[in-house]
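Notes to accompany the following structure.
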Amino acid sequence: MPVAERILEVVDLTKQYGSRGSVTHALRGISMAVDRGEFVGVMGPSGSGKTTLLNVISTIDSPSSGRVWIGGRELTALRRREVARFRRERLGFIFQDFNLLDTLTLRENIGLALSIAGAPAGEIDRRVAEMAERLGIADALDKFPYQVSGGQKQRAAAARALITEPDLVLADEPTGNLDSRAARSLLEALAELNRDLQTTIILVTHDPVAASYCQRILFIKDGRIFGELVRGDSPRQRFFDRILAVLAELGGGEADVR
Ligand code: ADP
Ligand code: MG
């Protein structure tokens, strides 16, 4: 086995919202690390700090204290303009509500970052076609988002996130607006891309089915890491059962197990 390359390191992250009188402690000291090629899930009840954690890792939000390194660079040390560039070049995002541009075709949406980076048209075409093929949306490339299903939209969003070959893909509840079949096909595609291209993925979800596609899961509760599960050689169904057992222990079900 080659030596693992650390992609993400988070040390003692805290985040408070509000001010004196009404402070919300969204993160209360989170430390975690992710190596290149990992597919890591982050699970926890609603309000536990999952989105805050992802937003701080992705430079969308800044921490109250603590430090974050991605690919050996410390984010909190970057200047504002460097942050925007870093985010564009090194990170990929998949959101619950797709965030595709309505006036562009799927092809244009997927290729946009490469166009902005000034890649030659022929290379963009080739890479978009290859990524679309992997995600099973090759025949929908010339459609607009309103002409395709939610599942196809999200697979286009995944293609857009991955096409720049980012160091880290961050997905916040990407199956939240999908039916279970569309969710499975997205998750299978992500797991395959993770395996074939060694794409590093962090998937935030409260859905144990979605989490069961990951190789490792961090559970958070009240802004702290509560536990960790490593899939190892477990078949997905067995891993799913282990996830349910941890969720039961986590408590505060809040209809989070769907
Ligand atoms: P999750 O994604 O696990 O549901 P969040 O990270 O969205 O949790 O929220 C964690 C806590 O921080 C919650 O109590 C939430 O109400 C609070 N919170 C999140 N964003 C803000 C904000 N912008 N302003 C104030 N409180 C917030
Ligand atoms: Mg959230």
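Hey, any hits in segment 13-23 for a residue that's in a loop (DSSP other than H, G, I, E, B) and within 7 Å of ligand 1 (Cβ to nearest atom)?
Checking segment 13-23: at least one residue is in a loop (DSSP other than H, G, I, E, B) and within 7 Å of ligand 1 (Cβ to nearest atom).
Given Gly47, Gly29, which one is more than 16 Å from ligand 2 (Cβ to nearest atom) and open to solvent by 10 Å² or more (accessible area, probe 1.4 Å)?
It is Gly29.
State all residues of segment 147-185 that are polar (S, T, N, Q), surrounded by fewer than 24 Cβ atoms within 10 Å (Cβ to Cβ) and not in a helix (DSSP H, G or I); if no residue qualifies, say none.
Correct list: Ser149, Thr164, Asn177.
For segment 188-195, does any single residue satisfy the condition of being farther than 21 Å from Phe95 by Cβ and outside any helix (DSSP H, G or I)?
Scanning segment 188-195, I find no residue that is farther than 21 Å from Phe95 by Cβ and outside any helix (DSSP H, G or I), so the answer is no.
Keeping to segment 225-241, report how many residues are part of a helix (DSSP H, G or I) and open to solvent by 50 Å² or more (accessible area, probe 1.4 Å).
4
Looking at segment 194-205, I want the residues that are modelled with pLDDT of 95 or more and have a partner that is polar (S, T, N, Q) and surrounded by fewer than 24 Cβ atoms within 10 Å (Cβ to Cβ) with Cβ atoms under 7 Å, at least 6 apart or on another chain. Which pairs are those?
The qualifying pairs are Ile201/Asn194; Val204/Thr51.
Among Ala183, Ala157, Ala191, which is the only one that is closer than 30 Å to Ala248 by Cβ, of a type outside the set (Val, Ile, Thr) and touching a Phe, Trp or Tyr at 6+ places or on another chain (Cβ under 7 Å)? Even if it seems obvious, please write down each step before you answer.
On the way: Ala183 fails: touching a Phe, Trp or Tyr at 6+ places or on another chain (Cβ under 7 Å); Ala157 fails: closer than 30 Å to Ala248 by Cβ.
The match here is Ala191.
Exactly one of these conditions fails for Glu5: (1) within 19 Å of the chain's Cα centre (by Cα); (2) under 30 Å from Ala248 (Cα atoms); (3) surrounded by fewer than 20 Cβ atoms within 10 Å (Cβ to Cβ); (4) at pLDDT below 95. Give me its number.
Answer for Glu5: the failing condition is (2).
Okay, residues lined up against (1) under 28 Å from Ser149 (Cα atoms); (2) open to solvent by 20 Å² or more (accessible area, probe 1.4 Å); (3) touching a helix residue (DSSP H, G or I) at 6+ places or on another chain (Cβ under 6 Å); (4) more than 16 Å from ligand 2 (Cβ to nearest atom):
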{"site": "Val42", "(1), (2), (3), (4)": "yes, no, yes, no"}
{"site": "Pro63", "(1), (2), (3), (4)": "no, yes, yes, yes"}
{"site": "Arg73", "(1), (2), (3), (4)": "no, yes, no, yes"}
{"site": "Arg81", "(1), (2), (3), (4)": "no, yes, no, yes"}
{"site": "Arg90", "(1), (2), (3), (4)": "no, yes, no, yes"}
{"site": "Asn99", "(1), (2), (3), (4)": "yes, yes, no, no"}
{"site": "Thr105", "(1), (2), (3), (4)": "yes, no, no, yes"}
{"site": "Ala117", "(1), (2), (3), (4)": "no, yes, no, yes"}
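For every residue, the table says whether it meets (1) over 18 Å from Ile220 (Cα atoms); (2) within 16 Å of ligand 1 (Cβ to nearest atom); (3) modelled with pLDDT of 95 or more.
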residue	(1), (2), (3)
Pro45	no, yes, no
Gly49	no, yes, yes
Ile60	yes, yes, no
Asn99	yes, no, no
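Yes or no: Val34 within 25 Å of Arg160 (Cβ to Cβ), away from ligand 1 (no atom under 16 Å from the Cβ) and outside any helix (DSSP H, G or I)?
Yes; evaluated as a whole, the condition is true for this residue.
(1) free of Cβ contacts under 8 Å to residues at least 12 places away in the same chain; (2) at negative phi: which one isn't true of Ile70, the others all being true?
All conditions are met except number (1).
Collect the residues in segment 120-146 that are buried (at least 17 other Cβ atoms within 10 Å of the Cβ) and part of a loop (DSSP other than H, G, I, E, B), keeping them in residue-number order.
Those that are buried (at least 17 other Cβ atoms within 10 Å of the Cβ) and part of a loop (DSSP other than H, G, I, E, B): Leu135, Ile137, Leu141.
For segment 53-72, check the following and say yes or no: at least one residue is part of a helix (DSSP H, G or I) and of a type in the set (S, T, N, Q).
Yes, because at least one residue in segment 53-72 is part of a helix (DSSP H, G or I) and of a type in the set (S, T, N, Q).
The values are calculated or read from the model by the stated rules, or taken from the named source; none is laboratory data. All of these numbers come straight from a predicted model, not from anything done at the bench. Heads up, the Cβs are rebuilt from the backbone with ideal geometry, glycines too, and the neighbour counts pull from every protein chain shown. Accessible surface is based on the protein model in full, side chains and every heavy atom, while ligands, DNA and RNA are left aside. Shrake-Rupley method; radii C 1.70, N 1.55, O 1.52, S 1.80 Å.
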